[in-house]
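Please find one structure pasted underneath; my questions will follow.
The values are calculated or read from the model by the stated rules, or taken from the named source; none is laboratory data. Note that this is a predicted model, so its numbers are computed, not measured. Cβ placement follows ideal geometry from the backbone for every residue including glycine, while neighbour counts extend to all protein chains displayed.
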Amino acid sequence: MKKSLLLISSLVLAGAAWAKLPALSEEAKAKAAETAAKTAHGNKVADYQLCKSREKVAAHYYKTTGKGKPAAKDATPACADPGPYKPADQAAAPAAPAAPAAPAKPAGKG
């Protein structure tokens, strides 16, 4: 009895899992893209921080032990700082043109 009840309840739950979800709205798609961009930027920042800490540890090791030589600068790529996060709408929009400079005043005679 328990086995058949368990089987029936699992079939009901499996049927609910197979239900088709509605398509995402444009707003939901934009929010998902923004979240993905934030996550990607966060990963770049984490990679940068890891790179800097590795360099610091290697420099300390070479300084304190005196063993071996530091790797050549061109042996490993430099750590690239990703900079602050910029939302997609700001990154895609061109920078606003600067206000025109005030016209120069003519030199007075005198």
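Tell me whether the stretch 67-79 contains one or more residues that are at pLDDT 85 or above and either polar (S, T, N, Q) or loosely packed, with under 11 Cβ neighbours inside 10 Å (or both). Spell out how you get there, then give the answer.
Of the stretch 67-79, the ones at pLDDT 85 or above are 79.
Subsequent filtering for residues that are either polar (S, T, N, Q) or loosely packed, with under 11 Cβ neighbours inside 10 Å (or both) retains none.
No, the stretch 67-79 contains no residue that is at pLDDT 85 or above and either polar (S, T, N, Q) or loosely packed, with under 11 Cβ neighbours inside 10 Å (or both).
Would you please list the contacts, defined by Cβ atoms under 8 Å and residues six or more apart or on different chains, that run from a residue in the stretch 36-48 that is surrounded by 12 or more Cβ atoms within 10 Å (Cβ to Cβ) to a residue that is in a helix (DSSP H, G or I)?
These pairs meet every condition: Ala37/Ala88.
Conditions first: (1) surrounded by fewer than 12 Cβ atoms within 10 Å (Cβ to Cβ); (2) closer than 30 Å to Thr76 by Cα. Val12 passes all but one, so which condition is the exception?
Just one mismatch for Val12, condition (2).
Another question, if that's okay. Scan the stretch 29-44 and give yes if some residue there is closer than 14 Å to Cys79 by Cα and touching a Cys at 6+ places or on another chain (Cβ under 9 Å), otherwise no.
If we filter the stretch 29-44 for residues that are closer than 14 Å to Cys79 by Cα, which is where we start, we get 43-44.
Keeping just the survivors that are touching a Cys at 6+ places or on another chain (Cβ under 9 Å) gives none.
No: zero hits.
Here is a follow-up. Among the residues of the stretch 1-39, which ones are within 30 Å of Lys86 (Cα to Cα), more than 18 Å from the chain's Cα centre (by Cα), assigned to a helix (DSSP H, G or I) and of a type in the set (Gly, Ala, Ser)?
Correct list: Ala28 only.
Do the conditions hold for Tyr62, that is, is it of a type in the set (Phe, Trp, Tyr) and at pLDDT 90 or above? It would help to see each step written out before you state the result.
Working: of a type in the set (Phe, Trp, Tyr): yes; at pLDDT 90 or above: no.
It is false that Tyr62 is of a type in the set (Phe, Trp, Tyr) and at pLDDT 90 or above.
Next question. Answer yes or no as to whether Ala28 is of a type in the set (A, V, I, L, M, F, W, C) and either under 21 Å from Ala88 (Cβ atoms) or touching a residue at least 40 places away in the same chain (Cβ under 8 Å) (or both).
Values: of a type in the set (A, V, I, L, M, F, W, C): yes; either under 21 Å from Ala88 (Cβ atoms) or touching a residue at least 40 places away in the same chain (Cβ under 8 Å) (or both): yes.
When the stated conditions are applied, Ala28 passes them.
Let me ask something else about it. Determine whether the stretch 2-23 contains at least one residue that is at pLDDT 85 or above and basic (Lys, Arg).
no
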